[in-house]
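Asks: Okay, here's the structure, questions in a sec.
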Amino acid sequence: MTPKEQEQLKNQQKNRKYAKRKVYSSYTIKYYIYLELEVQKLEELQRKLIEEREKLNEKLSKHEIYQIFMQKVLDASEEFSEVREIIDRYGLFYILYSSS
């Protein structure tokens, strides 16, 4: 090889290395942008889930008085051993007396 060809070969290798770094850098940037978008989507999902949990906790606290009442009825009654039995009895009476 002549010195000129060797110089051209060196330049081509440098250009390839530069191109590879540029492509790698481009992929890396695109990947980080993708990751940032995924993080934003997940943060939005987390925010929505937190809001939903807060709403459900509010609803739960509003309905907690019924559970306390049913537990007191269960404790005071010797006829029922579970809250479900009380609810079933109420359902039966409701059906019997609402149809007449």
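Asks: Taking the conditions exactly as written (surrounded by 10 or more Cβ atoms within 10 Å (Cβ to Cβ), assigned to a helix (DSSP H, G or I) and hydrophobic (A, V, I, L, M, F, W, C)), does Leu92 satisfy them or not? Even if it seems obvious, please write down each step before you answer.
Replies: Numbers: surrounded by 10 or more Cβ atoms within 10 Å (Cβ to Cβ): yes; assigned to a helix (DSSP H, G or I): yes; hydrophobic (A, V, I, L, M, F, W, C): yes.
In short, yes.
Asks: Now for a different question. Phe80 is checked against (1) touching a helix residue (DSSP H, G or I) at 6+ places or on another chain (Cβ under 7 Å); (2) part of a helix (DSSP H, G or I) and fails just one. What number does that condition carry?
Replies: Result: Phe80 passes all but (2).
Read the figures in this text as sums done on the coordinates, not as results from a lab. Note that the structure is a prediction, hence the values are computed from the model and not measured. Note: ideal-geometry Cβ built from the backbone for every residue, glycine included; neighbour counts use all protein chains shown.
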